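First up is the structure itself, then whatever we jot down about it.
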Amino acid sequence: DMSLNSISGKVKTRYALTVNYTNQKIIPTDLALLKKKNQIYFDRNQNSALDIATPIAILHSTDDGQWHYGIAPTSSGWVKDRDIAFGEKKEIENYLSSENFIITTEPKSALLIAGKYHDYLRMGVRLPSILTIDDKIMVLVPSRDKEGRLVMQNATIKSSNTHKGYLPYTPKNILTQAFKFLN
């Protein structure tokens, strides 16, 4: 299924953004690779987890198109097709370099689309911000159309879970953010 025989000397890179929190696997399967039977606390096939709006350079796909091998900023591996949306390189670069943006500052923050829970964001996710409405910030998040192409969608997150722009790099902020993981 990995279609390894189809890999030639030259690979055409495609570009994508994750559309939700997704797992990145070493091999393209949901099956867990465990040291011992029923030892479920550590899946050796789990390479990483990627937050929504993570850019990925896609280098290869399985025969059935359900998994794609790609390189993210901090790791590489297989991601499910349904968890990414393909776009043009320039379009993705523009999205990622937005001048008006927020950073999530809580260990987990709920992301709402049309007022309904969509997914959660981990601390440090960077999203373009559009405007503030009462106690929420409207942000732009990647989504996918029926063909898997990148489309942008408005979403909201609690203002108290974000910071406009990057947090200043100070000892106080480092400790404050670290202790949030301890409640």
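General remarks:
- Relative contact order, percent, segment 56-145 [alpha-carbon distance under 8 Å, six or more residues apart]: 19 percent
- Per-residue ³J(HN,Hα) for segment 75-90, Karplus 6.51 cos²θ - 1.76 cosθ + 1.60, θ = phi - 60°, Hz, x for Gly and Pro: 6, 9, x, 9, 10, 6, 4, 5, 9, 10, 10, 7, x, 6, 3, 5
- Amide H partners (placed H, <5 Å) of residue 21, local residues excluded: 52, 120
- 27 Å Cα-Cα reach of residue 146 towards lysines, excluding residues that sit fewer than 8 places from it in its own chain: 12, 25, 80, 89, 90, 116
- With contacts taken as Cα pairs under 8 Å and at least 6 residues apart, the chain reaches a relative contact order of 20 percent.
- Within the accessible surface of the chain, defined with a 1.4 Å probe on protein heavy atoms only, the carbon and sulfur portion equals 54 percent.
- Anisotropy class of segment 1-123 from Cα gyration tensor, a/c 1.5 cut: oblate
- Per residue accessible area of the chain, 1.4 Å probe, in Å²: 61 Å²
- The chain: most fluctuating residue of 90, 36, 172 per GNM, C-alpha cutoff 10 Å: 36
- Residue-by-residue Karplus 3J(HN,Hα) for segment 13-19, coefficients 6.51, -1.76, 1.60, Hz, glycine and proline x: 7, 10, 10, 8, 10, 6, 9
- At most 14 other Cβ within 10 Å, DSSP loop - chymotrypsin sites (Phe, Trp or Tyr not before Pro), segment 1-108: 41, 42
- Straight-line reach from residue 180: taking Cα to Cα under 24 Å and skipping same-chain neighbours fewer than 8 places apart, the lysines in range are 108, 136, 158, 164, 172.
The values are calculated or read from the model by the stated rules, or taken from the named source; none is laboratory data. As the structure is a computational prediction, the values presented were derived from the model and not from experiment. Methodologically, a virtual Cβ is constructed for each residue, glycine included, from the backbone with ideal geometry; neighbour enumeration extends over all protein chains shown. Ligands, DNA and RNA are stripped out before the accessible areas are found, and what is left, the full protein with its side chains, is counted by its heavy atoms. Shrake-Rupley method; radii C 1.70, N 1.55, O 1.52, S 1.80 Å.
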